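**Q** Sharing a structure, written as structure tokens. Questions coming.
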Amino acid sequence: MSPRTLLRSLAAVTAATAALALTGCGAVTAADSGSSNGSKDGSFKLADYIQQRIDDHKPMRVKLSYHDPSLAFATPISVGMKRAGKELGADVALIGPTGGDAAKQVSEIQTLIQQKAVDGLAVSSASSDALKPVIGQAYKAGIPIISFNTDNPDSEQMGFVGQDLKGSGKAQAEELRKQLKGDVAGKSVVVFSVDTGAGWSHDRFSGFEEGMKGSGLKIVGPVNVGNEPNAAYNTVESTMSGQSKVVAVAGLDCCSTTAAAKWVSRSGHADRIAMGGFDLLTQTAEYVDRGVLDFTISQNPTEQGYQAVKVLNDFLTKGTKITGVDTGAQFITRANLSDATVED
């Protein structure tokens, strides 16, 4: 076994106990995020073909499999990924199924494994259950694999790069409560999501519920809006037409945030409805600037793309152990909007 191979094996054994960096909403550890270190005996053996590519000084082929590259959030991820590829000399690509088809994503990853067409793999899934088996397949095939953007708890991933989703949802709720005025007992907060069935949405909403405990507010939702803009707005509009005591609105992601903010803007009640969202698309920034959105939370997708590549490439070329990276939760308000980076 070469020194670099030994280092990588030792890195894989210890990765599950490594603590994630703290930049956002509370402590997150590999154990907390459900990060596993692979097989039950804790071992990881790099595939022979990958070791040969390393020995031949070939660029590492690092693929980022995103659950729906058609989403606006994928654009800054790709920017960060390409920057890392250029800086580190890695051959990078963002792949994934348009429309968020988990079966197609699994099939695409399996093809990469079978064809030995990838040296390091980062995956973001709408459903952790859907990708758990194929993550195990990649690990057992000797391909270093991590999750990014959305975590895959209890899988054989070797680390997670992204935001503490539950922590960010809790932080959103707590900040939203600060924006409320007067007695809100018996009144409502309506929550929207682009995909209520997704694991990331469940985690974020779980944190939101925790942050709302004791507020006296009734939580309506989360309401699924989908990712088609017109349909999403129509869903928000029909939902809000049936509500009479709404004092707050929350979007759990980029697209439900813009759809809900559009309704709040058109309603003429932006001055009495507190609203918080996620991500910083151009539209989102405009709503923050106009005071429709009191705040939005950026999870730094550019950094997610960059760090996903760096973590894998450093493991392969330097033997650096894989640990998680928390990209944090940055609150964007009108006060700091000019210093923030728009994500599309």
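The values are calculated or read from the model by the stated rules, or taken from the named source; none is laboratory data. All of these numbers come straight from a predicted model, not from anything done at the bench. Backbone-built Cβ (ideal geometry, glycine too); neighbour counts: all protein chains shown. Areas reflect the complete protein model, heavy atoms only, side chains present, ligands, DNA and RNA absent. Shrake-Rupley method; radii C 1.70, N 1.55, O 1.52, S 1.80 Å.
Per-residue answers, yes or no, for (1) modelled with pLDDT under 50; (2) of a type in the set (S, T, N, Q):
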| position | (1), (2) |
| --- | --- |
| 20 | yes, no |
| 39 | yes, yes |
| 56 | no, no |
| 59 | no, no |
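**Q** Go over the candidates 246, 191, 225 one by one and state the one that is over 30 Å from residue 136 (Cα atoms), open to solvent by less than 20 Å² (accessible area, probe 1.4 Å) and over 23 Å from the mean Cα position of the chain (by Cα). Talk me through it step by step, then tell me what you get.
**A** On the way: 191 fails: over 23 Å from the mean Cα position of the chain (by Cα); 225 fails: over 23 Å from the mean Cα position of the chain (by Cα).
After applying the criteria, what remains is 246.
**Q** Quickly run through the range 104-134 and pick out the residues that are in contact with a Leu (Cβ under 9 Å, 6 or more places away or on another chain) and of a type outside the set (Val, Ile, Thr).
**A** At the first step, the residues of the range 104-134 found to be in contact with a Leu (Cβ under 9 Å, 6 or more places away or on another chain) are 105-106, 109, 112-113, 118-125.
Answer for the range 104-134, where residues must be in contact with a Leu (Cβ under 9 Å, 6 or more places away or on another chain) and of a type outside the set (Val, Ile, Thr): 105, 112, 119, 120, 121, 122, 124, 125.
**Q** I need the full set of residues from the range 157-188 which are among the acidic types (Asp, Glu) and within 18 Å of the chain's Cα centre (by Cα), in order please. Walk me through it before giving the result.
**A** First pass over the range 157-188, keeping only residues among the acidic types (Asp, Glu): 164, 174-175, 183.
Once the filter is applied, which keeps residues that are among the acidic types (Asp, Glu) and within 18 Å of the chain's Cα centre (by Cα), the range 157-188 yields only 164.
**Q** Here is a further query. What is the one condition in (1) over 24 Å from residue 137 (Cβ atoms); (2) out of contact with any Gly (no Cβ under 7 Å at 6 or more places or on another chain) that residue 49 does not satisfy?
**A** (1)
**Q** Here is a follow-up. Answer yes or no: is there a residue in the range 258-272 that is modelled with pLDDT of 90 or more and under 20 Å from the mean Cα position of the chain (by Cα).
**A** Yes, because at least one residue in the range 258-272 is modelled with pLDDT of 90 or more and under 20 Å from the mean Cα position of the chain (by Cα).
**Q** Separate question: So which residues in the range 108-143 are open to solvent by 40 Å² or more (accessible area, probe 1.4 Å), farther than 21 Å from residue 305 by Cβ and out of contact with any helix residue (DSSP H, G or I) (no Cβ under 9 Å at 6 or more places or on another chain)?
**A** 111, 114, 115, 132, 140
**Q** Another question, if that's okay. Got a sec? Which strands (runs of 3 or more DSSP E) wholly within the range 135-250 have at least 3 residues that are at pLDDT 95 or above and in contact with a Leu (Cβ under 9 Å, 6 or more places away or on another chain)? Give the steps one after another, and end with the answer.
**A** Details: elements: 145-148, 160-162, 188-193, 218-224.
Answer list for the range 135-250: 145-148, 188-193.
**Q** Which of the residues belonging to the range 266-315 are assigned to a loop (DSSP other than H, G, I, E, B), open to solvent by 20 Å² or more (accessible area, probe 1.4 Å) and on the phi < 0 side of the Ramachandran plot? So that I can check it myself, show each step before the final result.
**A** The initial filter retains those residues of the range 266-315 that are assigned to a loop (DSSP other than H, G, I, E, B), namely 268-273, 279-281, 290-294, 299-300.
Then drop every residue that is not open to solvent by 20 Å² or more (accessible area, probe 1.4 Å), which leaves 268-272, 290-291, 294, 300.
Listed by number, the residues that qualify are 269, 270, 271, 272, 290, 294.
**Q** Considering the range 54-74 alone, what residues qualify as being farther than 30 Å from residue 101 by Cα and outside any loop (DSSP other than H, G, I, E, B)?
**A** Residues satisfying the conditions are 54, 55.
**Q** For residue 154, work out the one condition from (1) over 23 Å from residue 308 (Cβ atoms); (2) under 21 Å from the mean Cα position of the chain (by Cα); (3) open to solvent by 10 Å² or more (accessible area, probe 1.4 Å) it doesn't fulfil.
**A** Exception for residue 154: condition (1).
**Q** May I pose another question? Quick one: in the range 61-73, which of the residues that are modelled with pLDDT of 90 or more and among the hydrophobic types (A, V, I, L, M, F, W, C) is surrounded by the most Cβ atoms within 10 Å (Cβ to Cβ)?
**A** Kept after step one, since they are modelled with pLDDT of 90 or more, are these residues of the range 61-73: 61-69.
From the residues that got through so far, the ones that are among the hydrophobic types (A, V, I, L, M, F, W, C) too are 62, 64.
On the way: 62: 26, 64: 30.
Looking at residues that are modelled with pLDDT of 90 or more and among the hydrophobic types (A, V, I, L, M, F, W, C), I get 64.
**Q** With respect to residue 220, is the statement that it is crowded, with 16+ Cβ neighbours inside 10 Å, more than 24 Å from the chain's Cα centre (by Cα) and closer than 25 Å to residue 167 by Cβ true? Give the derivation first.
**A** On the way: crowded, with 16+ Cβ neighbours inside 10 Å: yes; more than 24 Å from the chain's Cα centre (by Cα): no; closer than 25 Å to residue 167 by Cβ: yes.
No; evaluated as a whole, the condition is false for this residue.
**Q** Turning to a different aspect of this structure: Within the range 228-242, how many residues are out of contact with any Phe, Trp or Tyr (no Cβ under 9 Å at 6 or more places or on another chain) and open to solvent by less than 60 Å² (accessible area, probe 1.4 Å)?
**A** Counting residues in the range 228-242 that are out of contact with any Phe, Trp or Tyr (no Cβ under 9 Å at 6 or more places or on another chain) and open to solvent by less than 60 Å² (accessible area, probe 1.4 Å) gives 1.
**Q** Condition first: over 18 Å from the mean Cα position of the chain (by Cα) and touching a residue at least 24 places away in the same chain (Cβ under 8 Å). Now tell me which residues in the range 194-217 satisfy that.
**A** Narrowing the range 194-217 to residues over 18 Å from the mean Cα position of the chain (by Cα): 209-217.
Those that are over 18 Å from the mean Cα position of the chain (by Cα) and touching a residue at least 24 places away in the same chain (Cβ under 8 Å): 209, 210, 211, 212, 215, 216, 217.
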